[in-house]
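Taking it in order: structure first as structure tokens, then the write-up.
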Amino acid sequence: KAGVTQTPRYLIKTRGQQVTLSCSPISGHRSVSWYQQTPGQGLQFLFEYFSETQRNKGNFPGRFSGRQFSNSRSEMNVSTLELGDSALYLCASSLEFGNEQFFGPGTRLTVL
Amino acid sequence: QQPVQSPQAVILREGEDAVINCSSSKALYSVHWYRQKHGEAPVFLMILLKGGEQKGHEKISASFNEKKQQSSLYLTASQLSYSGTYFCGPNFGNEKLTFGTGTRLTIIP
């Protein structure tokens, strides 16, 4: 069974640009959660999707958005990038929220 | 709302025991525990549910005290492979895990 995949693995952007990150969950998993990981803040919840619906959102500005497609693949978008957005972005999939989450390798975003 | 984990870091010799605590200011519905090794993604360890049910698949135990809004992870006879950062992720009854800032565990031979 293939694991969670995330693309791209690394990204370098400049302030003001926008970026789209992609996550393919494990086959059969319908819940996808996104997290931002930074050294000082640990794992911060961004949002959770299930069957194309966002069911919960963390405390992030509206510049952070996401969506989920009918095949459960998910994307997150960050517009008007700021230096503080530099982080590792992790997605995790599960059969249903509340079950064991399987994390992808993450996308390392650097904003210059 | 972010849970507080203690200790923040601990160094143990192989074979020693460790306890990692996770305290919340809100009532807990369940608590997830994950371990992340350097440069890798977090890996599931255990879920503790309100009512005492425990789901996990490693030789690590945990407790969940609803009244104290606290969970503890117990690592006995630690092995070198236990090194990593441990995160607790309480769930407060919605589709969201609020992870703590982590406890860095280093096991030395």
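Just so it is clear, none of the values below were taken in a lab; they were calculated from the coordinates. No experiment lies behind these values; they were computed from the predicted model shown. Neighbour counts run over all protein chains shown; Cβ positions are idealised from the backbone, glycine included.
Using each residue's phi in the stretch B:28-39, evaluate 6.51 cos²θ - 1.76 cosθ + 1.60 at θ = phi - 60° and report the 3J(HN,Hα) Karplus result to the nearest Hz, with x for Gly and Pro.
Taking θ as phi minus 60°, the curve returns 9, 8, 7, 9, 9, 10, 9, 10, 10, 8, 4, x Hz for the stretch B:28-39.
Which loop trypsin sites (Lys or Arg not before Pro) in the stretch B:1-56, with loop taken from DSSP, have no more than 13 other Cβ atoms within 10 angstrom of their Cβ?
B:26, B:37
Cα-Cα over 22 Å: which of B:26/B:50; B:37/B:59; A:57/B:26; A:57/B:68?
Pairs exceeding 22 Å: A:57/B:68.
I want to make sure I understand the PRE zone here: with the label point 7 angstrom from the Cα of residue A:30 toward its beta carbon, which residues in the stretch A:68-95 have backbone N atoms less than 15 Å away?
Only A:68-73, A:94-95 pass the distance filter.
Mind giving me the FRET efficiency for residue B:26 and residue A:110? R0 is 30 Å, r the Cβ-Cβ distance, nearest 0.05 is fine.
About 0.30, to the nearest 0.05.
Would you mind calculating the relative contact order of the stretch A:48-105 from Cα pairs under 8 angstrom and at least 6 residues apart, reporting the percent as a whole number?
Once divided by the residue count of the stretch A:48-105, the mean separation gives 22 percent.
Would you please calculate the Kirkwood hydrodynamic radius of the protein assembly as shown over all C-alpha pairs and express it in Å, rounded to one decimal?
Hydrodynamic radius (Kirkwood, Cα pairs) of the protein assembly as shown is 17.8 Å.
Local charge sum around residue B:102 (other residues, Cβ-Cβ under 14 Å, Lys/Arg +1, Asp/Glu -1)?
+2
Would you grab the residues whose amide H sits under 5 Å from the one on residue B:99? Only those 5+ places off in sequence or on another chain, please, with H modelled 1.01 Å from N.
Amide H neighbours of residue B:99: A:45.
Within 10 Å of each candidate Cβ there may be at most 16 other Cβ atoms; applying that plus a DSSP loop requirement, which chymotrypsin sites (Phe, Trp or Tyr not before Pro) in the stretch B:5-106 survive?
B:29, B:92
Give the Kirkwood hydrodynamic radius (Å, one decimal) of the stretch B:4-108, defined as one over the mean of 1/r across all pairs of different Cα atoms.
Kirkwood radius, the stretch B:4-108: 13.7 Å.
Diagonalise the Cα gyration tensor of chain A and give the resulting equivalent ellipsoid semi-axes, square root of 5 times each eigenvalue, largest first, whole Å.
Gyration-tensor ellipsoid for chain A: 22, 14, 13 Å.
Can you pull out the chymotrypsin sites (Phe, Trp or Tyr not before Pro) in the stretch A:53-112 that DSSP calls coil and that have at most 14 other Cβ atoms within 10 Å?
Passing sites in the stretch A:53-112 are A:69.
Using only Cα atoms, locate the centre of the stretch A:20-62 and the centre of the stretch B:23-53, then give the distance between them in Å, rounded to an integer.
Spelled out, the Cα-based centre of one part sits 17 Å from the other.
What number comes out for the charge environment of residue B:66, summing +1 per Lys or Arg and -1 per Asp or Glu over other residues with Cβ under 12 Å away?
Local charge sum for residue B:66: +4.
Just to confirm a number: summing +1 for Lys and Arg and -1 for Asp and Glu over residues other than residue A:71 whose beta-carbon lies under 11 angstrom from that of residue A:71, what do you get?
Net charge around residue A:71: +1.
Would you please give the FRET efficiency between residue B:6 and residue A:15, computed as 1/(1 + (r/R0)^6) with r the Cβ-Cβ distance and R0 = 41 Å, to the nearest 0.05?
The value I calculate is 0.65.
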